[in-house]
Each structure stands twice: as C-alpha cells, then as structure tokens.
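Here's the structure, in structure tokens; my notes come after.
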Amino acid sequence: MSHVFPRHSKLNPPTAIAGEGCYLIDSNGKRYLDGSGGAAVSCLGHGDAEVTEAIKAQLDKLAFAHSGFFTSEPAEALADLLIEHAPGQLDRVYFVSGGSEATESAIKLARQYWVEKGEPQRGRLIARKQSYHGNTIGALSAGGNAWRRAQFGPLLLDVSHIDPCYEYRLRQDGETAEEYGLRAANALEKEILRVGPETVMAFMAEPVVGATVGALQPAPGYFKRIREICDKYGVLLILDEVMCGMGRTGTFFACEQDGIAPDIACIAKGLGAGYQPIGAMLCTSDVYDTIANGSGFFQHGHTYIGHPVAAAGGLAVVSAILNRGLLPRVREQGDKLQERLSDRFGQHPHIGDLRGRGLFRGIELVENRETREPFDPSLGIAGKIKKAGFEAGLVFYPMSGTIDGKRGDHILLAPPFIINDDQLDELTDKVETAISAVI
C-alpha cells in the first residue's frame with residue numbers, strides 16, 4: 001500500500017522509471033510519448049546529459065546556502081542571462097520554486113510597491129475569467145476558473161475578473177479580429193473606472209492562456225491596448241508566462257510577439273524543464289528601486305529561493321534553449337504540428353477550433369461544429385479522452401470547463417522542443433485515436 005497522497009485517490013497510476021528524449025517509460029516497459037511535456041514543463045525532453053551534468057557538478061560544489069545569508073554563483077549567472085534576454089525594462093529576478101510561488105510573489109510585490117510609493121489605497125487586482133495563475137490563495141484568487149475556485153471561495157481575495165480575449169467564443173458577427181481585440185482590451189478600462197483608478201494596483205494575465213482554455217492566443221492588438229490602459233492609469237502589468245514562456249510559443253518570452261513588455265513577469269515550468277523545481281518573478285528597475293530606496297526589504301520569502309542546484313539546472317536549461325537553436329526550431333516544428341492538426345482535424349465535425357503558437361497548441365472539442373455547442377459536461381469528454389490517449393501511449397493535457405469553468409472541453413499539446421517529424425506524426429495519430437475512441 002502506498003503512503004503517497006496522490007492527486008486522485010480513485011486512480012492507480014503506473015510508476016515512471018525512465019525518460020528518453022520525448023518518451024517516458026513505466027515499470028512494465030511501456031513507452032509514452034510526452035505530448036504535453038507533463039504540464040508544458042519538459043521542454044528539453046527527458047535525460048538531457050548537459051543539464052544533468054550541470055546539476056551534478058553543482059552538487060559537488062554547493063547544495064544549499066540560505067538566501068538570507070548568501071547569494072550563489074549559479075543564481076547570479078542565471079539572473080544575468082534572463083535579464084539579458086528579457087523584454088522592456090525588466091531588470092531584477094526573484095527566484096522561487098514554482099509557478100504558484102512566482103505569481104504569489106508578483107501580487108505581493110505589486111501591493112508593496114504602491115505602499116512604498118505612498119499610495120496604500122491601491123490594493124485591487126484585476127485579472128481575467130478563465131485564467132489560471134496557480135493554487136496558493138493569492139494565485140487562486142487571481143485565477144478566473146470557476147471550477148478551481150468553487151470550494152475555496154470563502155478563503156479567496158476580492159479580485160475583479162473581466163472577460164478573456166476569446167475570439168472563437170466572444171467575437172461578434174461582422175467584427176474584425178482587430179476590432180474585437182480592441183473591444184476585449186477596453187473591458188479593462190471599464191473595470192478600472194468602475195472600481196476607481198486610485199484603488200487598482202495591477203492587472204494580471206497570461207499572454208497565451210494555458211491550462212484552462214487551451215493555448216488561447218490574443219487577438220491582434222489586444223495586449224498593446226492593455227499596455228496603453230495600464231500606463232494611462234498607472235496600473236502595473238503582470239504577465240504570467242509560467243506555462244507559455246521560456247520559448248514555448250517560439251520566442252523566449254511570449255509577450256515579445258505582442259510587442260509589449262510587463263512591469264512584472266512570472267516564469268517557471270520550462271525554466272527548469274523538469275530537472276529541478278524552479279520559478280522566478282522578474283520586475284523592472286522602477287519597481288525594484290521603489291523597494292530598494294524605501295524600506296529596502298521585500299516582505300516576502302521562501303526557504304528555497306535562489307537554491308544553488310535549482311539555479312544551476314535552470315542556467316543549463318536556458319543556455320540550451322538559447323544556444324542550440326531551439327527557438328527557431330519551436331517555430332518550425334510548431335508550424336508543422338499546426339499543419340498536421342489542420343489536415344487531420346480541420347473539418348472534423350466535433351472540433352471547433354485549432355489554436356496556439358509555437359509548440360503550444362489547443363484543440364477545442366464541440367458537440368456541433370456549426371453552432372459551436374459544447375458537449376454536455378456530464379459526459380466527461382476530456383477525462384475520457386485523456387484515458388484513451390494514455391492507453392494508446394500518449395501523455396497529453398485534456399481539460400473540461402473551457403468556456404466558463406463548467407462547459408466546454410479542450411486538448412492542450414506542449415511537446416518537448418526536440419520533437420522530430422516522425423514523433424509529430426505519432427502525436428497526431430494518437431490524438432486522433434483517443435478522440436475516435438471517445439466521440
């Protein structure tokens with residue numbers, strides 16, 4: 001009998017014992033194509049020798065030194081590398097152990113920033129419906145997925161949520177993509193004015209929405225208008241790139257493709273590629289200097305921030321992404337994956353939308369392609385497809401509640417950046433096998 005507290009007590013998952021490139025292997029020898037990188041984590045695949053050697057070498061030198069007393073060489077080097085390739089005025093890196101810690105840190109930093117600027121009335125966060133920002137209380141409060149929030153409602157912070165930029169569902173007849181993007185972005189200004197600009201500290205959003213909607217990219221011009229609105233009212237822009245960043249969409253930071261930069265950015269997942277638990281919050285020099293020239297103390301912290309071994313792993317991962325030509329490869333293989341999905345599913349009667357950027361792709365499933373009517377939630381379509389795919393030897397990320405936390409189903413694909421053409425064929429074939437087995 002296992003003493004591990006599992007994600008689901010009714011399931012009995014196999015034991016993973018090895019990983020080779022794009023595959024995971026269980027204790028029975030069965031091989032699974034990792035079509036989602038776990039949860040968009042394993043960007044380099046499994047068993048990368050350079051990364052594991054960097055981790056081993058750091059362990060031989062120094063495993064741990066508490067950041068309350070020391071910094072470390074790998075943490076300094078990784079911070080330098082991230083800032084060298086960061087957009088806009090991002091200038092400082094605050095290391096954490098994962099995505100939820102990164103977004104929680106961002107929320108608290110935004111609040112302290114305004115307190116130290118002498119505007120303590122600014123304490124309201126605005127985010128979007130159908131977003132996901134993590135599972136700590138602050139991060140869950142920011143997230144806009146009704147299903148994930150429901151049972152924890154009494155514990156959550158008062159956060160405003162505007163509609164997502166969801167062109168497939170919310171763009172009106174006769175409205176161009178650009179017109180819709182502008183209208184969707186202007187919802188932020190309306191909410192700022194409703195609650196009072198003097199009360200708003202930050203707006204938080206995923207540049208490309210991951211888990212809850214399935215690689216939902218913004219309409220043209222959306223984020224440029226968001227940036228204008230934030231600047232107009234002095235609101236900090238927090239971009240959550242935990243899932244979509246670190247090259248996943250084809251640029252190192254996802255927001256680069258929208259021509260903007262945030263005041264605070266959150267990264268994780270692909271930063272460590274699964275080799276070590278690591279995340280980070282990045283902020284501009286203005287945000288940092290406000291704290292540094294004020295109290296000098298960010299009233300926050302975790303035991304393992306800046307962990308030397310995690311930082312060494314992250315440094316090796318980021319170096320690999322930047323030095324092995326993986327960013328153009330993500331764009332190239334992402335285009336090939338989209339072509340395969342379009343050829344196979346573009347006219348499928350139960351697939352309404354194919355979307356995403358780079359190697360971050362979503363498939364929205366529908367009962368009726370013409371009316372876009374979703375499947376009845378009681379059917380549990382996403383869960384059944386996940387099970388069918390797993391039986392076929394594919395790990396991928398189906399989820400329900402795509403539209404409003406209750407209705408709608410999608411599949412999220414986020415394979416390793418090293419995936420080859422034959423494996424793209426295998427991925428497409430096994431997605432079709434899973435869908436056909438259920439629908």
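The values are calculated or read from the model by the stated rules, or taken from the named source; none is laboratory data. Source: prediction; values computed, not measured. Counting neighbours? That spans all protein chains shown, and the Cβs are built from the backbone with ideal geometry, glycine included. The protein model used for the area step is the full one, side chains on, heavy atoms only, and it has no ligands, DNA or RNA in it. Shrake-Rupley method; radii C 1.70, N 1.55, O 1.52, S 1.80 Å.
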query: Among (1) open to solvent by 40 Å² or more (accessible area, probe 1.4 Å); (2) more than 27 Å from the chain's Cα centre (by Cα), which single condition is residue 80 missing?
result: (2)
message: Within the range 84-96, does at least one residue satisfy the condition of being over 16 Å from residue 263 (Cα atoms), touching a residue at least 40 places away in the same chain (Cβ under 8 Å) and either open to solvent by less than 40 Å² (accessible area, probe 1.4 Å) or over 19 Å from the mean Cα position of the chain (by Cα) (or both)?
response: yes
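Output the residues belonging to the range 223-247 that are surrounded by 23 or more Cβ atoms within 10 Å (Cβ to Cβ) and over 11 Å from the mean Cα position of the chain (by Cα). Talk me through it step by step, then tell me what you get.
So the first thing to find is which residues in the range 223-247 are surrounded by 23 or more Cβ atoms within 10 Å (Cβ to Cβ), and the list is 223, 226, 230, 235-247.
Passing the criteria: 223, 226, 230, 235, 236, 237, 238, 247.
Every residue in the range 147-175 that is among the hydroxyl-bearing types (Ser, Thr, Tyr) and part of a loop (DSSP other than H, G, I, E, B), please.
Start the filter on the range 147-175 by keeping residues that are among the hydroxyl-bearing types (Ser, Thr, Tyr), which leaves 160, 166, 168.
Selection gives 166 alone.
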- prompt: Within the range 400-419, which residues are β-branched (Val, Ile, Thr) and in contact with a strand residue (DSSP E or B) (Cβ under 6 Å, 6 or more places away or on another chain)?
  reply: 402, 411
- request: Answer yes or no as to whether residue 217 is open to solvent by less than 10 Å² (accessible area, probe 1.4 Å) and either out of contact with any helix residue (DSSP H, G or I) (no Cβ under 8 Å at 6 or more places or on another chain) or of a type in the set (Lys, Arg) (or both).
  value: no
query: If you go through the range 149-175 one residue at a time, how many are open to solvent by less than 70 Å² (accessible area, probe 1.4 Å) and polar (S, T, N, Q)?
result: 1
query: Among all residue pairs at least 6 apart or on different chains, which show Cβ distances below 8 Å where the first residue, located in the range 186-209, is in contact (Cβ under 8 Å) with a residue 24 or more places away in the chain and more than 30 Å from residue 360 (Cβ to Cβ) and the second is surrounded by fewer than 24 Cβ atoms within 10 Å (Cβ to Cβ) and among the acidic types (Asp, Glu)?
result: 198/119
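Every residue, every condition in (1) in a helix (DSSP H, G or I); (2) over 14 Å from the mean Cα position of the chain (by Cα); (3) touching a residue at least 24 places away in the same chain (Cβ under 8 Å), yes or no:
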residue	(1), (2), (3)
249	no, no, yes
260	no, yes, yes
289	yes, yes, no
304	no, yes, yes
313	yes, yes, yes
Top-ranked residue of the range 198-214 - restricted to ones that are farther than 14 Å from residue 166 by Cβ and small (Gly, Ala, Ser), ranked as surrounded by the most Cβ atoms within 10 Å (Cβ to Cβ): 202
message: Taking the conditions exactly as written (open to solvent by 80 Å² or more (accessible area, probe 1.4 Å) and either under 25 Å from residue 110 (Cβ atoms) or of a type in the set (Asp, Glu) (or both)), does residue 178 satisfy them or not?
response: yes
query: Which residues, taken from the range 127-146, are closer than 14 Å to residue 108 by Cβ and either among the hydrophobic types (A, V, I, L, M, F, W, C) or outside any helix (DSSP H, G or I) (or both)?
result: 133, 134, 136, 137, 139, 142
